[in-house]
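Input: a single structure, listed below in C-alpha cells.
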Amino acid sequence: METGTKKPIDPKQQGRIYELTHSPGQFAESVIEWIIRICGISAIVFVFGIFFFVFREGAAFLFGGLDLVQFLTSTEWYPSSVSNQRYGVLALIVGTISVTILAMVIAVPFGLGAAIFVSEFCGPKLKEVFKVVIELLAAIPSVVWGFIGLQVMNPLIIKYLDAPIGLSVLNGGCILALMSVPIIVSIGEDALKAVPDSYREAAEALGASHWQVVYRVLLPAAKNGLLAAVLLGTGRAIGETMAVLMATGHSVNIPTSLLDSVRTLTATIAAELGEAPVGSDHYQVLFIIGILLFTITFIVNLTADLVIKGISTENDL
Amino acid sequence: MNAGAEAKYEGNGGRIYSIETNRLNFWYGDFQALIDISISIPDGLITGLIGPSGCGKSTLLRCFNRVNERYGNVTTTGEIKIMGKNIYDSDVSLPELRKAVGMVFQRPNPLPISVYENIIFGARIHSQFGAFSKSETDGIVEQALKEVSLWEDLKDKLKSKATTLQLEQQQKLCIARLLPLKPQVILMDEPCSALDTKATHAIEELMSTLASRYTILIVTHNMAQARRISKECFFMLLGEMVEHGRTEDLFLSPQDPRTADYIEGRYG
C-alpha cells in the first residue's frame with residue numbers, strides 16, 4: 001500500500017477509531033447510574049414518607065388528649081363507646097406478642113431444621129421438589145391461611161382439645177408459624193449454602209460425620225444468616241393481619257392459656273379503620289397503633305443489627 | 001510419639017511402608033484419572049509426588065484418606081493398604097481412617113471458629129461429649145501449637161477467629177490441628193502454593209521437624225521444593241506412575257525419558 005511518500009495513516013480507513021473524547025455511550029452510562037441511584041434513595045424516601053403520613057394522621061391526638069400511660073397500660077379498649085371512650089391497648093400488645101411467640105416457638109425449630117435438611121442432607125432432585133413446595137407455601141395468600149384457621153383448625157381444636165371455641169392463641173400461632181416457615185427455610189438455606197465448601201471439606205477430612213459438620217462447623221459459620229432468617233420470620237409474624245384476624249377470635253383479652261381468644265394490634269387496625277370517622281379520636285388512635293407497630297418492628301430490627309454486629313466484633317478481636 | 005508405631009507393617013525387603021497401593025484405578029464418572037498405580041511409600045520420610053497439572057497426583061493423594069469420595073460419582077478399584085490394612089475393606093470406618101491419615105490443603109482452610117477450637121476440633125469429634133476437662137484441652141492445644149512453633153505467636157490470641165490470622169499461621173494451624181489425633185500419615189496437597197517464599201520456607205522447616213514422627217506425602221508443582229524437602233520422589237503423568245526413586249537419583253539421573261523431559265522443563 002505505502003510507497004515512498006509518507007502519507008499520514010487514516011485510522012478510519014484501517015478500521016481503527018481512536019477518539020479520545022467522550023462517546024455518546026458515556027451519556028447513557030451516567031443516565032443509568034442516576035436511575036439506579038434514585039432507585040436506591042427511593043427506599044429511604046418511602047420509609048420516611050410512610051412514617052410521616054402515619055404520624056401526621058395520629059399526631060394531633062397523640063400530643064393533645066391521649067393519656068399515653070393509660071394507652072399502654074390499660075386493657076380497656078372501648079373506642080366506640082357513646083359516653084366514655086377508653087383507648088387501652090395493653091391487651092392488644094399482649095395478644096400480638098403471645099401469638100408471635102407461639103408462632104416462633106413452632107416455626108424456628110421446624111424452619112431451621114428444614115433449612116438444614118434441604119441444604120445438607122437431601123439429594124439434588126428432592127431438593128428441587130422441596131424448594132418448589134416451599135415457594136408455593138410462601139405464595140399462599142394470607143386470607144387463605146385465615147380461612148384454613150377458621151374452617152380447618154377451628155373444628156379440630158374444638159374436637160380434640162375440648163375447647164369451647166377454636167379461634168385462639170393456639171390457632172393463630174399455628175397459622176402464623178406455617179406462614180413464617182417458608183421465609184425461615186429459604187433465607188436459612190441461603191445462609192447455609194453461602195458457607196464455603198472448603199470448611200465442609202476440612203471438617204470431613206478430619207473425620208467429622210455429616211451431623212458433626214453441621215453443628216460444629218456450618219451452624220457457627222452461618223449463625224448471622226440464620227439469625228436474620230429467624231428475625232425476618234418474626235417480622236412476618238408481627239406484621240401479619242388478615243390471617244390472625246380470622247384465626248385468633250378477635251376478642252380483647254389478656255390470654256391465660258393457649259386456648260384463649262386474643263386480638264392483635266394489626267387486626268384491630270384492619271377491622272376498625274373503615275368504621276372510624278376520619279379525623280375522630282378513634283381514627284387517630286388507630287394511627288397511633290400504627291406508630292406503635294412501627295416502633296416494635298424498628299426495635300426488633302435494631303436488636304438484630306446490634307446482635308449481629310456484637311457477634312462479629314467479638315470474633316474479630 | 002507415634003501411636004501406631006507398634007502396628008507398623010513390614011513390606012518387602014525389610015523396609016517399612018506406610019502406604020502401599022496395588023493396581024489402583026480411579027474414575028471420575030467416565031474419566032479415568034488413575035491407571036494401575038502400584039507404589040509403596042516409606043514410613044517416616046517425606047515423599048514427594050510430582051508431575052504436570054492434571055496428571056492425577058492430587059487425586060492419588062486424596063484417595064489415601066478417601067476424601068475424594070465426597071464428590072460422588074467416583075469409582076475405585078484395586079487396593080490401598082495403610083499400615084497393612086486395605087482402606088477399601090467394608091469394615092473400615094471413615095472417621096477412623098481420616099484420624100490416622102490427616103490432610104493439609106492447597107489453600108489454608110482453618111474453620112471459622114477460634115484458634116483454640118480449631119486445634120481441639122479433631123479431638124472433640126473423635127470422643128464422647130465431655131471427654132476432656134478444660135485443663136486437658138488446654139494442654140492439647142499448647143502442645144500442638146508448640147510442635148508447629150506457633151505457641152509464642154498465638155498464646156494470647158487463642159480466642160480470636162482462626163480465619164483472621166496471616167496465611168502462614170493459618171497453614172501451620174491446619175497442620176497443628178492434625179497432631180492431637182496422632183496421625184500415621186500427613187497428606188499435603190501443594191501446601192505452599194498460596195504462600196510467599198518466607199512462609200514457604202517456614203512450612204518446609206516445619207515439615208522437616210515433623211518428618212521423623214509422621215510419614216509425610218507432599219504433592220507439589222514446585223520441583224525445587226520437591227528436591228529440597230523430599231527423600232523419595234514419585235513422578236506421574238496422565239494418570240500413570242512413570243518413575244520413582246530417591247529424590248537425588250530421580251533428579252540427577254532419571255531413567256525414563258519422560259521424567260527427564262519434565263525435569264528439564266521441556267513440558268510442564
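In chain B, the longest principal axis of the Cα atoms and the axis of helix B:197-211 are about 90 degrees apart. Here segment A:227-269 is treated as an ellipsoid with the same Cα gyration tensor; its semi-axes, largest first and in whole Å, are 21, 13, 8. Think of chain A as having a plus end and a minus end, set by charges on the Cβ of Lys, Arg, Asp and Glu; of A:Thr234, A:Gly25, A:Gly249, A:Gly25 sits farthest toward the positive end of this dipole. Pairs over the 29 Å Cα-Cα cut-off, from the set B:Lys57/B:Lys198; B:Lys81/B:Lys159; B:Lys134/B:Lys198; A:Lys223/B:Lys134; A:Lys309/B:Lys182: B:Lys81/B:Lys159; B:Lys134/B:Lys198; A:Lys309/B:Lys182.
Each of A:Ser168, A:Ser74, B:Ser127 was scored by other Cβ atoms within 10 Å of its Cβ. Arranged with the fewest first, they read B:Ser127, A:Ser74, A:Ser168. Each of A:Ile148, A:Cys122, A:Ser98 was scored by the projection of its Cα onto the charge dipole of segment A:89-280, and the greatest displacement toward the positive side belongs to A:Cys122; charges sit on the C-beta of Lys, Arg, Asp and Glu. Each DSSP beta bridge with both residues in the protein assembly as shown is either parallel or antiparallel, and the antiparallel ones are about 60%. Once the Cα atoms are used to define both axes, helix A:223-239 deviates from the longest principal axis of chain A by about 50 degrees. In terms of surrounding Cβ atoms within a 10 Å radius of their Cβ, A:Met242, B:Met103, A:Met104 rank from fewest to most as A:Met242, A:Met104, B:Met103. Between the C-alpha center of segment A:220-239 and that of segment A:121-178 there is a gap of 20 Å. When A:Thr241, A:Thr266, A:Thr100 are arranged by Cβ crowding within 10 Å, least crowded first, meaning fewest neighbours, the order is A:Thr241, A:Thr266, A:Thr100. In plain terms, the chain from B:Asp196 to B:Arg107 could stretch by 30.8 nm, reckoned as 0.36 nm per residue minus the Cα-Cα distance. Counts of other chain beta carbons within 10 angstrom of each beta carbon in peptide B:163-170 average 1. Just want the answer: with Cβ charges of +1 for Lys and Arg and -1 for Asp and Glu, which residue in B:Ala162, B:Thr215, B:Ala194 is farthest toward the dipole's positive end in segment B:148-251? Highest projection toward the positive end goes to B:Ala162. Note that segment B:111-121 has calculated 3J(HN,Hα) couplings of 6, x, 10, 5, 3, 4, 5, 4, 5, 8, 3 Hz, one per residue in order, obtained from phi through the Karplus relation 6.51 cos²θ - 1.76 cosθ + 1.60 (θ = phi - 60°); glycine and proline are x. Out of all Cα-Cα pairs in segment B:20-169, roughly what percent, to the nearest whole number, are more than 28 Å apart? Beyond 28 Å sits 35 percent of the P(r) for segment B:20-169.
For a quick check of your reading of the filter: which GluC sites (Glu not before Pro) in segment B:175-268 sit in a DSSP loop and have no more than 13 other Cβ atoms within 10 Å?
Working: sites: B:Glu204, B:Glu205, B:Glu232, B:Glu240, B:Glu243, B:Glu248, B:Glu264; in loops: B:Glu264.
Answer in residue order: B:Glu264.
Model label points for B:Arg266 and B:Lys146, set 7 angstrom from Cα along the Cα-to-Cβ axis, are 5.3 nm apart. Distance from the C-alpha centroid of segment A:248-301 to that of segment A:190-204: 44 Å, rounded to the whole angstrom. Note on chain B: Cα-Cα pairs beyond 27 Å make up 38% of the total pair count. Among the chymotrypsin sites (Phe, Trp or Tyr not before Pro) within segment B:216-268, those in coil by DSSP and having at most 15 neighbouring Cβ atoms inside 10 Å are B:Tyr267. Based on Cα atoms of the protein assembly as shown, Rg over Rh with Rh as the Kirkwood radius reads 1.14.
Put a dot 7 Å past the Cα of B:Gln32, heading toward its Cβ, do the same for A:Ile158, and the two dots end up 7.4 nm apart. Enclosing the Cα atoms of segment A:89-280 in their convex hull gives a volume equal to 144 cubic angstrom per residue.
Spatial offset of segment A:30-86 relative to segment B:109-126 amounts to 50 Å, using the alpha carbon center of each.
Whats the longest run of chain B with zero trypsin sites (Lys or Arg not before Pro) that are DSSP loop and have at most 16 other Cβ atoms within 10 Å?
B:16-154
Read the figures in this text as sums done on the coordinates, not as results from a lab. Here the structure is a predicted model, which is why all the values come from computation and not from measurement. Glycine gets a Cβ as well: all are built from the backbone with ideal geometry, and neighbour counts include every protein chain shown.
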